[in-house]
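Asker: Let me begin by handing over the structure; questions about it come next.
The values are calculated or read from the model by the stated rules, or taken from the named source; none is laboratory data. Predicted model, so just to flag it, every value in this text is computed and none were measured. Cβ atoms come from the backbone with ideal geometry, glycine included; neighbour counts cover every protein chain shown. Quick note on the areas: whole protein, heavy atoms, side chains included, nothing else; ligands and nucleic acids left out. Shrake-Rupley method; radii C 1.70, N 1.55, O 1.52, S 1.80 Å.
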Amino acid sequence: MEVRFLDHDSDHSAVLEVLLQLRPSYDIDSLSAQIKKQQANGYQVVYVKSPDGILAVAGYVVGEKLAWGKYIYIDDLVTNANHRSSGVGKFLIDWFKAYALEIGCEQIHLDSGVQRFPAHKFYLREGFHIASHHFSLLDVKCSNL
């Protein structure tokens, strides 16, 4: 197994197919366009490849905040459904830990949907902590001021 950075190589379509397992509201073309748009703002995609194919995909950004210092924020993380519970997720998280140290990041953050209990167990097992509640406005409207 090895971790690779996504560029427009021969793995591009296969990587997007795995990412669609996490983001099914897209199709290949709209997902590719959205990734390209986000890459203009620092979004990066890495993936785990083996002779068996694309095993996992993650999209992330590197940033800096007053509260966290320099950090990696993992926006998207999915292990291919055909390879779950085989150590691939741990392999990728271990890569992120090493990469964070390599580029001088102090923390790694991610959000996980409240319904994703198996993912939560995995993140806790890998040393993540539930550090906050994430609040969102999904349909922003302006009230009369």
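Asker: What is the pair-distance distribution P(r) of the chain, computed from all Cα-Cα distances in 5 Å bins starting at 0, with each bin given as a whole percent?
Answerer: 2, 8, 17, 21, 21, 16, 9, 3, 2, 1, 0, 0
Asker: Could you tell me whether segment 91-145 comes out rounded, prolate or oblate from its Cα gyration tensor? Rule is a ≥ b ≥ c as square roots of the eigenvalues, rounded for a/c under 1.5, then prolate if a/b exceeds b/c, otherwise oblate.
Answerer: Oblate shape, in that a/c is at least 1.5 and b/c is the bigger or equal ratio.
Asker: At a 1.4 Å probe radius, carbon and sulfur cover how many percent of the accessible area of segment 5-145?
Answerer: Looking at segment 5-145 in its full context, I get 54 percent from C and S.
Asker: Plugging the Kirkwood radius over Cα pairs into Stokes-Einstein for segment 54-136, at a temperature of 20 °C and a viscosity of 1.002 mPa s, what D comes out in µm²/s?
Answerer: Translational D for this selection: 158 µm²/s.
Asker: Can you give the relative contact order of the chain as a percent, counting alpha carbon pairs under 8 Å and 6+ residues apart?
Answerer: In percent, rounded to a whole number, it is 19.
Asker: Beyond 17 Å, how much of the Cα-Cα pair distribution for segment 1-78 remains, as a whole percent?
Answerer: Tail of P(r) above 17 Å: 45 percent of Cα pairs.
Asker: Another one. Given His129, Gly87, Leu110, which one lies farthest toward the positive end of the charge dipole of the chain, if we put +1 on the Cβ of every Lys and Arg and -1 on the Cβ of every Asp and Glu?
Answerer: So the residue furthest toward the plus end is His129.
Asker: On to the next question. Go through segment 113-145 and name the trypsin sites (Lys or Arg not before Pro) that are in a DSSP coil and have 16 or fewer other Cβ atoms within 10 Å of their Cβ.
Answerer: Arg116, Lys141
Asker: Follow-up. State to the nearest 20 debye the size of the charge dipole of segment 1-75 about its Cα centre, where the only charges are +1 on K and R beta carbons and -1 on D and E beta carbons.
Answerer: Its charge dipole is roughly 360 debye.
Asker: On to the next question. Starting from the 7 Å offset along Cα-to-Cβ, what nm value, one decimal, do you get for the label separation of Gln39 and Leu20?
Answerer: That separation, rounded to one decimal, is 1.9 nm.
Asker: How much accessible area per residue does segment 57-99 have, in Å², with a 1.4 Å probe?
Answerer: 48 Å²
Asker: Enumerate by residue number the chymotrypsin sites (Phe, Trp or Tyr not before Pro) in segment 40-145 meeting two conditions: DSSP loop (anything except H, G, I, E, B), and at most 11 other Cβ atoms within 10 Å of the site's Cβ.
Answerer: Phe135
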